[in-house]
1. Against the definition (part of a helix (DSSP H, G or I) and either in the same structural domain as A179 (by TED's automatic domain parsing) or farther than 29 Å from A165 by Cβ (or both)), how does R284 come out, yes or no?
2. Of everything in segment 213-223 that's touching a residue at least 40 places away in the same chain (Cβ under 8 Å) and not aliphatic (A, V, I, L, M), which residue is surrounded by the fewest Cβ atoms within 10 Å (Cβ to Cβ)?
3. Please tell me if T226 is in a loop (DSSP other than H, G, I, E, B), in the same structural domain as Y287 (by TED's automatic domain parsing) and without any contact (Cβ under 8 Å) to a residue 60 or more places away in the chain.
4. If only one of G190, G201 is closer than 20 Å to L128 by Cα and not charged (D, E, K, R), which one is it?
5. Taking helices (runs of 4 or more DSSP H) that do not extend beyond segment 93-212, which have at least 2 residues that are in the same structural domain as V275 (by TED's automatic domain parsing), free of Cβ contacts under 8 Å to residues at least 40 places away in the same chain and within 30 Å of P224 (Cα to Cα)?
6. Which pairs do you get when a residue that is at pLDDT 75 or above and surrounded by 10 or more Cβ atoms within 10 Å (Cβ to Cβ), found in segment 291-309, comes within reach of a residue that is polar (S, T, N, Q) and part of a helix (DSSP H, G or I), reach meaning Cβ atoms under 9 angstrom, with the pair 6+ apart or on two chains?
7. Just to check your reading of the model, which residue among R152, R145, R113 is exposed (fewer than 12 other Cβ atoms within 10 Å of the Cβ) and over 15 Å from the mean Cα position of the chain (by Cα)?
8. Of all the residues that make up segment 25-50, how many are in a loop (DSSP other than H, G, I, E, B) and at pLDDT 80 or above?
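The values are calculated or read from the model by the stated rules, or taken from the named source; none is laboratory data. Because the structure is predicted, anything quoted here is derived from the model rather than measured. All Cβ positions, even for glycine, are placed from backbone atoms using ideal geometry, and neighbour counts span all protein chains on display.
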Amino acid sequence: MAKKAKKRRCPECGSKNLIYDEQHGEIICANCGLVIEEKMIDVGKDWRQFEDTKRHGRAGAPISMQKFDLGLSTNVGRAADIYQLGSDKKTKKFFRLKKWQERVGTSIERNLRLALAELVRIVSYLNLPNIVREEAARLYNLALRQGLVRGRSMESVVAACIYAACRTYSIPRTLDEIAAASNIERKEVGRTYRFIVRKLGFKIKPSDPKDYIARFGSILKLSPKTQSDALKILKKAESVELTSGRGPAGIAAAALYIAALLNDEKRTQREVADVAGITEVTIRNRYKELLERTGLEDKIKEKERQSKRKK
């Protein structure tokens, strides 16, 4: 049954005389016949009743961007169910239907089927929360529909979308980690990330070095006091504008290295660099800058003298 749609205009003729067809999930212009919207989801109650209960509710999983069809399509059946038909003729028929169902579909659906499987693999490897998975899938869907994947490898675009989702929700993951999980070069992931963010018009804030402290400190098995001191060092660094223009992972690692020295939990520069995914040279440079600009040089020298006396 069709009813009139309100507060919309036809983009073709400008008419307000629109009809909402509930049966087909479409909005149609009554003047020119243009289908303005299709495949609309009915969010109303389902009044069909299959059980002896007074409640009328819907069944099924919620919509998810992690599925190429949003989880709305139906499948012919599993192989285990097909074999229970009991007849070879029926079994062959259903296998043919299953094969054709996989073949039929647009190029976008086929691309999404492969890309989202790769996305789930990478986020599972990196142990990322479900909200990041959903956001990365949404970004890839947008990039695909705007033609941004054409001319680039599917894997690099997936990796770039995951990195963008991590940045959006302040999840501390470096480009090196994303590149290692996706088997794509770091430069390629970074280049694709910048391209997608620019084309989609997203404004993503720079990573905060403080987001890396808890993660790096946990891997290095540093005490909560050391991690707290590292946050205080970063706060001083921010006040003297030392964090701007520098890699967040590098400056966070250097702050942890200094805090560990001050709390007699010494870690080598190699250990800290490996955890942060940076070089020892970067650690040394950031270490020197922090000591000079935050006034911690005297405290470090005093700690070194005390350690020599103990020896």
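1. Yes.
2. Step by step, filter segment 213-223, then rank; the result is S223.
3. So T226 fails the test.
4. G190
5. So the answer is none; nothing clears 2.
6. That search, which allows pairs on different chains as well, returns T294/S239.
7. After applying the criteria, what remains is R145.
8. 7
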